[in-house]
Amino acid sequence: MADTDGLRIADRKHIGLAEMLKGGVIMDVTNAEQAKVAEDAGAAAVMALERVPADIRKEGGVARMSPVRKIKEIQQAVTIPVMAKARIGHFVEAQILEALGVDYIDESEVLTPADEAFHIDKFAFRIPFVCGARDLGEALRRVGEGAAMIRTKGEAGSGNIVEAVRHMRAVLGGIRRLTTLPPEELMTEAKNLGAPIELVRWVAKAGTLPVPNFSAGGIATPADAGLMMQLGAEAVFVGSGIFKSSDPAKRAKAIVQATTHFKDADVLARVSEELGEAMPGIETSKLAEKDLLQTRGW
Amino acid sequence: MRIGVLALQGDFALHARALARCGAEAVEVRKPAELEGLDGLVIPGGESTTLLKLMEAWGFVAALAEFHAEGRPIFGTCAGLIVLAREVENPRQVSLGLIDVTVERNAYGRQRESFEARGQARLDGRPATIEMVFIRAPRIRRLGPGVESLAELRGESVLARQGTVLVASFHPELTDDLAVHRHFCELVRRARVAA
């Protein structure tokens, strides 16, 4: 881990758990059977949610934290870390997830926001949080609130990698830009980014985020996973991409292999064979602004 | 001195950084053929079930048994300890059995129960206070004859060695304290001299 002395960020043990998940795949699951399929395929962790993003998109309505009984069943079914989603700003859903002993909370734009202006104070919890980000400013605001891991948002439930690529390039490009600025420009840059100056100074010096940076939102194939890893993601989240495909177990295994061997085109070619049908995708540029999940978060 | 870090999944980059700080050349290993020419290997923290599945898929089980039989040292932290242990409980699962210990997985609890501590270690004949970060950590429940405990926490071994195999239930690679990695580099150096 980078030397973060003097920065007020999440606990080392919480950032450390994210470090342990690197090079791995975190899979969205809605019940114990899916969790078992994910674990058997080699998932590094599972993410419990009420409905996968593709179904949230289709069915509409308010998307909330997964039912408590489902989370407990998933915790019983697997030995890998169990994460769960809470609505943006819904600190009581987060308190319930903490009481259940969930290993990581995803304060997620995929669920319907509970607060239109504020996120959860993540320092108030004994368990870590991951939050989504579309650019460097958003990532640093979440880190400043105590997130121990960032995932770029992509467009969940779309099966379209284009937004994930855009957001990963924006975050990493933003970091590269900071490292080139002279000290006198950093305060104005912090203002423009809407990010805490201490974190801006730290990133400008270190050339990295102070917490791990994973990718989410639109990964549907082994090639998608390889693309995000080669672009600089340190691990991937796969939501609808697995359980909305025709053969989830096979696809899950293939994406795990692809994430480990992301630079090896022979392996990527081999695991991409005979996968069955991927989830149907959506042309995200045709989605109306109100139908985008990525714009939720402040 | 070239030391490999198994890079299938987990915090391999942090181990590589610690080894480099100790003056070793760290090499990421994703396939058994990449073990060629290495003087030692680190199996990092990560998810042990994921690591084992990827290791089995790529033929690492036999390759590491051979690596060990040739006298090349191996160091496992957390998931790496689980993978190297003779016996694994909670749940029972297969492992390489290269060090005679019994390990209980997730024995301190979930992430809410993860913690940091300082403990006394004895490394290369010298006592040292080391920083320890425990994350959903396993516990070493039994040390076989021939296994030496190098550090304890609350009366239980958290760092142990049998011959050329070193294991820790905590994560020295998450701290700036290089004492444990230096100890491993010393093991590797001695094994090279012996060979």
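Conditions tested, residue by residue: (1) of a type in the set (A, V, I, L, M); (2) over 24 Å from A:Gly144 (Cα atoms); (3) more than 20 Å from the chain's Cα centre (by Cα).
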site: A:Arg8; (1), (2), (3): no, no, yes
site: A:Met20; (1), (2), (3): yes, no, no
site: A:Ala44; (1), (2), (3): yes, yes, no
site: A:Leu49; (1), (2), (3): yes, yes, no
site: A:Val62; (1), (2), (3): yes, yes, yes
site: A:Val68; (1), (2), (3): yes, yes, yes
site: A:Ile80; (1), (2), (3): yes, yes, no
The residue from A:Ala147, A:Ala164 that alone is part of a helix (DSSP H, G or I), crowded, with 24+ Cβ neighbours inside 10 Å and either in contact with a strand residue (DSSP E or B) (Cβ under 6 Å, 6 or more places away or on another chain) or among the β-branched types (Val, Ile, Thr) (or both) is A:Ala164
Filtering the range A:48-73 down to residues that are among the hydrophobic types (A, V, I, L, M, F, W, C) and within 14 Å of chain B (Cβ to nearest Cβ) yields A:Ala48, A:Ile71
Only one of (1) under 23 Å from B:Val180 (Cβ atoms); (2) buried (at least 21 other Cβ atoms within 10 Å of the Cβ); (3) over 15 Å from the mean Cα position of the chain (by Cα); (4) of a type outside the set (Val, Ile, Thr) does not apply to B:Asp124, and that is (2)
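Residues are listed down the side, and each one gets a yes or a no for (1) within 14 Å of chain A (Cβ to nearest Cβ); (2) among the β-branched types (Val, Ile, Thr); (3) in contact (Cβ under 8 Å) with a residue 60 or more places away in the chain:
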position: B:Pro44; (1), (2), (3): yes, no, yes
position: B:Thr49; (1), (2), (3): yes, yes, no
position: B:Lys53; (1), (2), (3): yes, no, no
position: B:Glu56; (1), (2), (3): yes, no, no
position: B:Ala63; (1), (2), (3): no, no, no
position: B:Val83; (1), (2), (3): yes, yes, no
position: B:Leu96; (1), (2), (3): no, no, no
In the range A:227-245, anything under 22 Å from A:Gly174 (Cα atoms) and more than 15 Å from the chain's Cα centre (by Cα) is listed as A:Leu227, A:Gln230, A:Leu231
Tell me, yes or no, whether the range A:176-184 has at least one residue that is in contact with a His (Cβ under 7 Å, 6 or more places away or on another chain), more than 13 Å from every other protein chain (Cβ to nearest Cβ) and at pLDDT 95 or above.
no
Taking the range A:227-242 and keeping only residues that are surrounded by 24 or more Cβ atoms within 10 Å (Cβ to Cβ) and farther than 15 Å from A:Arg151 by Cα, one is left with A:Ser240, A:Gly241, A:Ile242
Expected single match for in contact with a helix residue (DSSP H, G or I) (Cβ under 7 Å, 6 or more places away or on another chain), closer than 24 Å to A:Asp28 by Cα and crowded, with 23+ Cβ neighbours inside 10 Å among A:Pro248, A:Pro212 is A:Pro212
Screening A:Ala99, A:Ala35, A:Ala41 for residues that are at pLDDT 95 or above and crowded, with 24+ Cβ neighbours inside 10 Å leaves only A:Ala35
By residue number, the members of the range B:64-114 that are of a type in the set (A, V, I, L, M, F, W, C), surrounded by fewer than 16 Cβ atoms within 10 Å (Cβ to Cβ) and at pLDDT 95 or above are B:Ala65, B:Ala69
Within the range A:91-113, the residues that are touching a strand residue (DSSP E or B) at 6+ places or on another chain (Cβ under 8 Å) and away from chain B (no Cβ under 13 Å) are A:Glu93, A:Asp106, A:Glu107, A:Ser108, A:Glu109, A:Val110, A:Leu111, A:Thr112, A:Pro113
Check: Any chance the range A:29-47 includes a residue that's more than 10 Å from every other protein chain (Cβ to nearest Cβ), of a type in the set (Gly, Ala, Ser) and out of contact with any helix residue (DSSP H, G or I) (no Cβ under 8 Å at 6 or more places or on another chain)?
Finding: no
Expected output for the range B:124-141 (first residue more than 11 Å from chain A (Cβ to nearest Cβ) and in contact (Cβ under 8 Å) with a residue 12 or more places away in the chain, partner surrounded by fewer than 20 Cβ atoms within 10 Å (Cβ to Cβ) and of a type in the set (Ser, Thr, Tyr), Cβ below 6 Å, 6+ apart or cross-chain) is B:Arg141/B:Thr102
Exercise. Yes or no: B:Ala24 more than 9 Å from chain A (Cβ to nearest Cβ), modelled with pLDDT of 95 or more and over 30 Å from A:Val37 (Cα atoms)?
Worked result: yes
Requiring at least 1 residues that are of a type in the set (S, T, N, Q) and under 21 Å from A:Gly157 (Cα atoms), the helices (runs of 4 or more DSSP H) wholly within the range A:25-138 are A:32-41
Flagged pairs (Cβ under 9 angstrom, 6 or more apart or on separate chains; first in the range A:4-15, small (Gly, Ala, Ser); second outside any helix (DSSP H, G or I)) are A:Ala10/A:Pro128; A:Ala10/A:Phe129; A:Ala10/A:Gly146; A:Ala10/A:Ala147; A:Ala10/A:Ala148; A:Ala10/A:Met149; A:Ala10/A:Pro210; A:Ala10/A:Val211
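The values are calculated or read from the model by the stated rules, or taken from the named source; none is laboratory data. Since this is a predicted model, take the numbers as computed values, not measurements. Virtual Cβ from ideal backbone geometry, glycine too; neighbours counted across all protein chains shown.
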